[in-house]
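Peer 1: One structure, pasted below without further comment.
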Amino acid sequence: MKKLIYLDNAATTQVSKEVVDEMLPYFTEEYGNASSVYEFGSKNKGAIEKAREVIGKALGSKANEIYFTAGGSESDNWAIKATADAYKEKGNHIITSKIEHHAVLHTCEYLEEQGFEVTYLDVDENGIIKLEELKKAIRPTTILISIMFANNEIGTIEPMKEIGELANQNNILFHTDAVQAFGQVPINVDEYHIDMLSASAHKLNGPKGIGFLYIRTGVKIRSYVHGGAQERKRRAGTENVPGIVGMSKAVEIAVSTIEERAKKETELRDYLINRVLKEVPYTRLNGHRTKRLPNNVNFSFQFVEGESLLIMLDMEGICGSSGSACTSGSLDPSHVLLAIGLPHEIAHGSLRLSLSEQTSKEDIDFVIETIKKIVEKLRNMSPLYED
Amino acid sequence: MKKLIYLDNAATTQVSKEVVDEMLPYFTEEYGNASSVYEFGSKNKGAIEKAREVIGKALGSKANEIYFTAGGSESDNWAIKATADAYKEKGNHIITSKIEHHAVLHTCEYLEEQGFEVTYLDVDENGIIKLEELKKAIRPTTILISIMFANNEIGTIEPMKEIGELANQNNILFHTDAVQAFGQVPINVDEYHIDMLSASAHKLNGPKGIGFLYIRTGVKIRSYVHGGAQERKRRAGTENVPGIVGMSKAVEIAVSTIEERAKKETELRDYLINRVLKEVPYTRLNGHRTKRLPNNVNFSFQFVEGESLLIMLDMEGICGSSGSACTSGSLDPSHVLLAIGLPHEIAHGSLRLSLSEQTSKEDIDFVIETIKKIVEKLRNMSPLYED
Amino acid sequence: MYSEKVMDHFQNPRNAGELENANGVGTVGNAKCGDIMRIYFDIDDDQIIKDVRFKTFGCGAAVATSSMATELVKGKTIYEALEVTNKAVMEALDGLPPVKVHCSLLAEEAIHAALWDYAEKKGIVIEGLEKPKNDIHEEEEEEEY
Amino acid sequence: MYSEKVMDHFQNPRNAGELENANGVGTVGNAKCGDIMRIYFDIDDDQIIKDVRFKTFGCGAAVATSSMATELVKGKTIYEALEVTNKAVMEALDGLPPVKVHCSLLAEEAIHAALWDYAEKKGIVIEGLEKPKNDIHEEEEEEEY
Ligand SMILES: Cc1ncc(COP(=O)(O)O)c(C=O)c1O
Ligand SMILES: Cc1ncc(COP(=O)(O)O)c(C=O)c1O
Ligand code: FES
Ligand code: FES
C-alpha cells in the first residue's frame, strides 16, 4: 500500500493514542450519570471538573467559564444567536467578517432574517480584516463583534489584540471562533479582551463531536440547547464524559507541546511554500506570509482545477483539501478566496495542505515533486493554459 | 468492594463492548474527514451512510430521513424550535404535555417568550395524556404536537397511535421524544404517523454525545445548527464518526434483542413492583401498571425523602435516581410526579429504578431487602411518620 | 458531593428519635424543598440542655445538620445554644455544597423554634430569641437563561 | 465517490490534447462551477469524425466525461455524434454522483459547439443541431434551510 500523507489536519485530526486511552474507561467502566447522587457518578463529575480546569488554564480563564458543547459549529451558533437574543434590547447590530467559517456566516445570515443587521467586514489581500473599517462599522446598536482568531482556509491570523481593544473600548461583546487557532497558537482571553471563544476538540487530536464555548463571567448569553440543568443550566444534555475527558487530554498535550510543534511545523511549512512558489510557475500563496497558522499552506495554481488536483494527489496517497472541508462537494468557489480578491477560476485551483506534528521533511519533498508533476499534467489538459 | 447494582439505566447506560470495538478504529485509524474528496475519507462516509440505514430500518423510515445530532436534547430543541420557525406563517400554536422532558418543556417555554402559544396537556394519575383534551386543544393555528413516546421518570407509554392519527387528520406535525422508548419498544414511524422523532444513543448502550432526529421527507423544518453542508445541509458540524458508528452498532444490537430483553426485564420489573408494594407499607407505584417501559420502576415511599433514600441505597452499592436525572441537584419536586397528582411531600420520596439486561433476580432480591431496611430507618427518623 | 463528616453524621445520626419528656419542641419546614425538621429539648432548671433529639424528613444534608446541631447544643445553656448558627454547624461538618446551605438553616431555626416553645411553656423570655418563622426559605439566587 | 470507470478515464484520459488540423472546435463553460471544456474535431469529407481531442479545466467528472465523450464520437458520423447525450456518456461511465450530473452536460454541449463550428466553417446546416449556449448552467434544485 502507498504511504498515506495526511495533510488535511485543518479539517480534522487523528485522535492521539493517549487521548483514546483516557477516554476508554468512561465508556464501559465509569459510565454512571455525572449529574447523579450516587458515588458511582462522582468520578465522572470529577473528570468533567478537571477538564474544565485544564481548558480554563489553557486560556487564562476560570474553570467555570468553560461550557462544553458538541463542537465548533454549536459553539459558534450558541455564541452568536444566544447573545443576539440576550442583548436585543441594547441593539440589533453585529459585526463579523467576510472570511468567517460558515458556522458563523450562516448563523449571521439567519439572524439577518430575524431582523438583526450584520456588517460583513472586508479583508485585505492577505485575509486580514481592516481595522479602520471595523472602527467605522461600530454603531451605538452594535452588540457583538465576531471575528475568527485564524482562518481555516488560508491560515491568516487576525489582529486579535486590536479587535479586542476596540470591542472593549466600545463596550461591545467580542466573540472569536478559535476552532483553528486553539492549540496551535497561545491564547489568553484577557490579553485579547475575548468575551466568548469557540473551539472544537477534533482539530487538536481530540475526539469529534465535542467542543466548548468560553463565556466570560458576566456575559448574559442565554441557553441555546434548552433542557436539563447540566453545565450550570446553560447547556442541556447528558454530559459526554468520554468526549470531555478526551478533549481535556488533547488540550493538555497541545498546550505542553505548543512551542516545539509550532517551530517544527513552521519550518516545514515555509520549506514547502518556498519550494513550490519557486518551482511551480503561475502559483500564488493564499493568506499572509508570516501571520499564519504554523501548519497551514494554501496555494492557487493557475489554470488548474481543485478537485482534479485533489484526486490526483489522493492517487499518490496525499490527502489535501480545496476550499474549506465542509464546502468540498459544493460547486461554489471558496468565499474566503473570493474575499481576498482572487478571480473565480483561480480560486478554483486552490489547494490547502495542513500539516501535523507527524509530517516529515520526506513527506513534504514527496508532496512537492508530486504537485509539480500533477500541476503540469493538468495544465497540459487545460484549455486555459497556452504554453 | 461492594457489588455495584446499577439501576439508573434510564439516565444513562454502559456502553457495550461491541459498540466500543466498532468505534475504536475511527479514532486513530479512520480519522479522515468524511466530507472530503480523498479516498481516506470514504470509509467514514460509508460508515455514516450505513448507520443511517441501520437506524432507518429500525424505525421503518428511509435512511435519508435520519439526521445525526449531539443527543436527545439537541434533537428536541431542533425539532421544536426549527419547526416553529418554518411554520410560523401557518400558525403559532404548539401542543405538548405537562410530563415532557425538560428538553421539550424548556424549549416550549422559550418559544412562548418568542410569541408562540403552547398548550401543556394534563395527564391522568397514571401519566397518560387525555386524548379528549388533546382533541379540544387543537386549533386552526396548531402547527405541532410534541408528545413523548414514553416518560423518563415513570415509564408510562403514551397512546402514540391515537395521537398520531389525530395529528394526521388535522394536518398537524407530530414530533415525539422517543429518547426513552427507542430501543426498548418497537417503533414504526408510519404506523404512528410520526413526523419527527428524537433519540439519544447513550440510553441504549451507545456512546454519549450522539443522537439523531428522524425527519419525515417533506417536513420543512429549518436548520438548527447552521454552518457547513453536513447532513445534507441540515445540521452543520464535522461528523462525529466514532459516535455515529457506535450508535449504529448499539441500535443494531438493541433491535435484534428487543423482544427477549423486554420479556426478561418486564418479569423482573413486575417481581420488584409486586414485592415492594406488598412488603413496604405506604408505598405507591408511579406510572401505569402495564403500559410502561419494560425496565422502569418508580415508587413513592410516604414519609421518606428521596435524596436520603438514594444516598443510603448508594451506600449499599445500589444506584438509583429520584426524579429525572437532570433535575437531581434541583430542589423542586419532579414536575412529572406533580402532574400525576402527587402532593409535594410524597413526590419528594420517589425512587426510580431502571433495569438493564444485566440486572439479575439476585440483584433485585437484594434491592428489595435493602429498600425495606432503609425505608424503615428513614421513617423512624421522619417527623411525618407516627407509627 | 458531601464531606466525610456529613456522610458520617448522615449514616450514623446522633440523637435521632423522640424525647418523651421534652419541655421544648420545635418544628420547621422549608416549603420550597418540602423538608421538615423537628427538635426536642429536655432543658433542666439551670437552663442547660440535658438531652436532645431530632426527627428529620429531608435530604442528606438535612439529616447530617440535624445530627450535628444536636451534638453542638447538647449540654449547653439555652443562651449558648442560641449562638449555634448554621455557619457553625456547617463548619463542624467541614462544609456543605452551595445548594445545600439552606438545609443547615433548617437546623438553626429548629433550635430556635424549640427554645421558643420552651420559653413559652415556662413563661420566660429568652433575650435575643425572635419568634421563629415556620417556613425557612432563604432566597436563592437562580440565574435564568 | 466516483465509479471505477470514471477514475480510469480521469487517470488515463483518452484523446486529451489539441488537434492542429481541427476543422471544428467548440468551447463551453459553466459559470457556476467555473469549469471549461474544449473539443477539437477533425471531420473528413464523408462527415465522419476521424479524430478528436479535448482540453478540460474542471473536476474529475468533467475530465472523465470529456474523455468518454471523445471516445464515443470518434469514428462516428456527425449525425451519430449528435445523438451522444450526456446520459449516454454517464451510462458509459457507470454513472456519476448527483452533484456531478451537470459536468456531463458540459461534454454534450462541447460536442454540439464543435459541430456548430464545423458547420459554420463549411457553410452547411446540421439538421437537429441548435446553436449551443456558451454557458451551461442547469438549474439545480437547492433546498434552503
Ligand atoms: C425523555 C428524554 N428526553 C430527552 C433527554 C435528553 O437526552 P440527552 O441527555 O442525550 O440530551 C432524556 C435524557 O436525558 C430523556 O430521558
Ligand atoms: C474556523 C472553524 N470554525 C468552525 C468549525 C466547525 O467545527 P466543527 O466541525 O467541529 O463543528 C471549523 C471546522 O470545521 C472551523 O475550521
Ligand atoms: S434540600 Fe431541603 S433540607 Fe436539604
Ligand atoms: S463541477 Fe463543474 S464540471 Fe464538474
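The values are calculated or read from the model by the stated rules, or taken from the named source; none is laboratory data. Note that the structure is a prediction, hence the values are computed from the model and not measured. Don't worry about glycine lacking a Cβ; one is built from the backbone with ideal geometry, like all the others, and counts go over all protein chains shown.
Peer 1: Pairs only if they're at least six apart or on different chains, beta carbon under 8 angstrom, first in the stretch D:97-110 and over 7 Å from residue D:86 (Cβ atoms) and free of Cβ contacts under 8 Å to residues at least 40 places away in the same chain, second away from ligand 2 (no atom under 16 Å from the Cβ) and assigned to a helix (DSSP H, G or I); list them, first residue then second.
Peer 2: Once the first residue is over 7 Å from residue D:86 (Cβ atoms) and free of Cβ contacts under 8 Å to residues at least 40 places away in the same chain and sits in the stretch D:97-110, its partners that are away from ligand 2 (no atom under 16 Å from the Cβ) and assigned to a helix (DSSP H, G or I) give D:101/D:86; D:101/D:90.
Peer 1: Also, quick follow-up: For the stretch C:83-90, does any single residue satisfy the condition of being in contact with a strand residue (DSSP E or B) (Cβ under 6 Å, 6 or more places away or on another chain) and either without any contact (Cβ under 8 Å) to a residue 24 or more places away in the chain or crowded, with 17+ Cβ neighbours inside 10 Å (or both)? Break it down into steps so the answer makes sense when it comes.
Peer 2: Step one: filter the stretch C:83-90 for residues in contact with a strand residue (DSSP E or B) (Cβ under 6 Å, 6 or more places away or on another chain), giving none.
Checked against the condition, which is being in contact with a strand residue (DSSP E or B) (Cβ under 6 Å, 6 or more places away or on another chain) and either without any contact (Cβ under 8 Å) to a residue 24 or more places away in the chain or crowded, with 17+ Cβ neighbours inside 10 Å (or both), the stretch C:83-90 yields no hits at all.
Peer 1: Additional query: Condition test on residue B:126, is it of a type in the set (S, T, N, Q), in contact with a Lys or Arg (Cβ under 8 Å, 6 or more places away or on another chain), away from every other protein chain (no Cβ under 14 Å) and under 25 Å from residue B:182 (Cα atoms)?
Peer 2: On the way: of a type in the set (S, T, N, Q): yes; in contact with a Lys or Arg (Cβ under 8 Å, 6 or more places away or on another chain): yes; away from every other protein chain (no Cβ under 14 Å): yes; under 25 Å from residue B:182 (Cα atoms): yes.
In short, yes.
Peer 1: Would you please name the residue that is nearest to ligand 1 (Cβ to nearest atom), looking only at residues in the stretch D:98-121 that are charged (D, E, K, R) and over 15 Å from residue D:79 (Cα atoms)?
Peer 2: Going residue by residue through the stretch D:98-121, those that are charged (D, E, K, R) are D:100, D:108-109, D:117, D:120-121.
Within this subset, residues satisfying the condition of being over 15 Å from residue D:79 (Cα atoms) are D:100, D:120-121.
Numbers: D:100: 37, D:120: 66, D:121: 69 Å.
Out of the qualifying residues, it is D:100.
Peer 1: Go through the stretch A:170-195 residue by residue and tally those that are of a type outside the set (Phe, Trp, Tyr) and under 18 Å from residue A:135 (Cα atoms). Break it down stepwise before answering.
Peer 2: Residues of the stretch A:170-195 that are of a type outside the set (Phe, Trp, Tyr), as a first pass: A:170-173, A:175-181, A:183-191, A:193-195.
Now restrict to residues that are under 18 Å from residue A:135 (Cα atoms): A:170-173, A:175-176, A:193-194.
Residues meeting the conditions: 8.
Peer 1: Hey, another quick one. Check whether at least one residue in the stretch A:8-22 is surrounded by fewer than 24 Cβ atoms within 10 Å (Cβ to Cβ), at the interface with chain B (Cβ under 10 Å from one of its Cβ atoms) and not in a helix (DSSP H, G or I), and report yes or no. Can you show your working first?
Peer 2: First, pick out the residues of the stretch A:8-22 that are surrounded by fewer than 24 Cβ atoms within 10 Å (Cβ to Cβ): A:14, A:16-18, A:20-22.
Then keep just the ones that are at the interface with chain B (Cβ under 10 Å from one of its Cβ atoms); that gives A:14, A:16-17, A:20.
With the extra rule that they be not in a helix (DSSP H, G or I), the set shrinks to A:14, A:16.
So far as the stretch A:8-22 goes, yes, one or more of its residues are surrounded by fewer than 24 Cβ atoms within 10 Å (Cβ to Cβ), at the interface with chain B (Cβ under 10 Å from one of its Cβ atoms) and not in a helix (DSSP H, G or I).
Peer 1: Follow-up. Please go through the stretch B:338-381 and pick out each residue that is within 14 Å of another protein chain (Cβ to nearest Cβ), of a type in the set (D, E, K, R) and without any contact (Cβ under 8 Å) to a residue 60 or more places away in the chain.
Peer 2: B:345, B:373, B:376
Peer 1: Just one of A:232, A:284 is within 16 Å of ligand 1 (Cβ to nearest atom) and either surrounded by fewer than 22 Cβ atoms within 10 Å (Cβ to Cβ) or among the polar types (S, T, N, Q) (or both); which is it? First the steps, then the outcome.
Peer 2: Details: A:284 fails: within 16 Å of ligand 1 (Cβ to nearest atom).
None of the other options fit; the residue is A:232.
Peer 1: How about the stretch A:193-209: which of its residues are more than 9 Å from chain B (Cβ to nearest Cβ) and near ligand 2 (Cβ under 7 Å from one of its atoms)?
Peer 2: The one that is more than 9 Å from chain B (Cβ to nearest Cβ) and near ligand 2 (Cβ under 7 Å from one of its atoms): A:198.
Peer 1: Go through the stretch B:68-80 and give me each residue that's part of a helix (DSSP H, G or I) and either near ligand 1 (Cβ under 9 Å from one of its atoms) or at the interface with chain A (Cβ under 10 Å from one of its Cβ atoms) (or both).
Peer 2: Keep residues of the stretch B:68-80 that are part of a helix (DSSP H, G or I), which gives B:72-80.
Hits for the stretch B:68-80 are B:72, B:73, B:74, B:75, B:76, B:77, B:78, B:80.
Peer 1: Another question about this same structure. Can you tell me which of C:41, C:54 is among the hydrophobic types (A, V, I, L, M, F, W, C) and under 21 Å from residue C:125 (Cβ atoms)? Write out each step before concluding.
Peer 2: Working: C:54 fails: under 21 Å from residue C:125 (Cβ atoms).
Just a single option satisfies the conditions, and that option is C:41.
Peer 1: From the set of residues in the stretch A:32-67 that are facing chain B (nearest Cβ under 10 Å), outside any helix (DSSP H, G or I) and touching a residue at least 60 places away in the same chain (Cβ under 8 Å), which is farthest from ligand 1 (Cβ to nearest atom)?
Peer 2: Applying the filter and picking the extreme gives A:34.
Peer 1: May I pose another question? Out of all the residues in the stretch B:97-139, which are surrounded by fewer than 19 Cβ atoms within 10 Å (Cβ to Cβ), part of a loop (DSSP other than H, G, I, E, B) and under 21 Å from the mean Cα position of the chain (by Cα)?
Peer 2: Once the filter is applied, which keeps residues that are surrounded by fewer than 19 Cβ atoms within 10 Å (Cβ to Cβ), part of a loop (DSSP other than H, G, I, E, B) and under 21 Å from the mean Cα position of the chain (by Cα), the stretch B:97-139 yields B:98, B:122, B:124, B:125, B:126, B:130.
Peer 1: Residues in the stretch B:268-287: is at least one within 30 Å of residue B:45 (Cβ to Cβ) and more than 14 Å from chain A (Cβ to nearest Cβ)?
Peer 2: First, the residues of the stretch B:268-287 that are within 30 Å of residue B:45 (Cβ to Cβ): none.
No, the stretch B:268-287 contains no residue that is within 30 Å of residue B:45 (Cβ to Cβ) and more than 14 Å from chain A (Cβ to nearest Cβ).
Peer 1: Within the set of pairs 6 or more residues apart or between chains, which connect a residue that is on the phi > 0 side of the Ramachandran plot and more than 9 Å from every other protein chain (Cβ to nearest Cβ) inside the stretch B:299-318 to a residue that is in a helix (DSSP H, G or I) and within 16 Å of ligand 4 (Cβ to nearest atom) with Cβ atoms less than 8 Å apart?
Peer 2: Within 8 Å, no pair qualifies.
Peer 1: For residue A:91, which of the numbered conditions (1) free of Cβ contacts under 8 Å to residues at least 60 places away in the same chain; (2) closer than 16 Å to residue A:176 by Cβ fails to hold?
Peer 2: (2)
Peer 1: Checking the conditions here, which among D:35, D:8 is under 30 Å from residue A:347 (Cβ atoms) and surrounded by 22 or more Cβ atoms within 10 Å (Cβ to Cβ)?
Peer 2: Values: D:8 fails: surrounded by 22 or more Cβ atoms within 10 Å (Cβ to Cβ).
D:35 is the lone residue from the list that is under 30 Å from residue A:347 (Cβ atoms) and surrounded by 22 or more Cβ atoms within 10 Å (Cβ to Cβ).
Peer 1: May I ask you to verify whether residue B:94 is among the hydrophobic types (A, V, I, L, M, F, W, C) and either closer than 18 Å to residue B:220 by Cα or assigned to a strand (DSSP E or B) (or both)? Talk me through it step by step, then tell me what you get.
Peer 2: On the way: among the hydrophobic types (A, V, I, L, M, F, W, C): yes; either closer than 18 Å to residue B:220 by Cα or assigned to a strand (DSSP E or B) (or both): yes.
Yes; evaluated as a whole, the condition is true for this residue.
Peer 1: State which residue pairs qualify: first residue touching a residue at least 12 places away in the same chain (Cβ under 8 Å) and more than 16 Å from ligand 3 (Cβ to nearest atom) and inside the stretch C:28-48, second residue among the polar types (S, T, N, Q) and in a strand (DSSP E or B) in any location, beta carbons under 6 Å apart, and separation of 6 or more residues or different chains.
Peer 2: From residues that are touching a residue at least 12 places away in the same chain (Cβ under 8 Å) and more than 16 Å from ligand 3 (Cβ to nearest atom), the pairs are C:47/C:77; C:48/C:77.
Peer 1: Let me ask you something else. Within the stretch C:98-114, track down each residue that is over 8 Å from the mean Cα position of the chain (by Cα) and near ligand 3 (Cβ under 8 Å from one of its atoms).
Peer 2: C:99, C:100, C:102, C:103 - these are the residues of the stretch C:98-114 that are over 8 Å from the mean Cα position of the chain (by Cα) and near ligand 3 (Cβ under 8 Å from one of its atoms).
Peer 1: Might you let me know whether the stretch B:83-96 holds any residue that is of a type in the set (Phe, Trp, Tyr), facing chain A (nearest Cβ under 9 Å) and more than 30 Å from residue B:126 (Cα to Cα)?
Peer 2: Of the stretch B:83-96, the ones of a type in the set (Phe, Trp, Tyr) are B:87.
From what is left, the residues that are facing chain A (nearest Cβ under 9 Å) are none.
The answer is no; no qualifying residue exists.
Peer 1: Check the stretch A:195-217 and report whether any residue there is surrounded by fewer than 22 Cβ atoms within 10 Å (Cβ to Cβ), among the acidic types (Asp, Glu), modelled with pLDDT of 95 or more and within 30 Å of residue A:290 (Cα to Cα).
Peer 2: Step one: of the stretch A:195-217, the residues surrounded by fewer than 22 Cβ atoms within 10 Å (Cβ to Cβ) are A:216-217.
From what is left, the residues that are among the acidic types (Asp, Glu) are none.
No, that holds for no residue.
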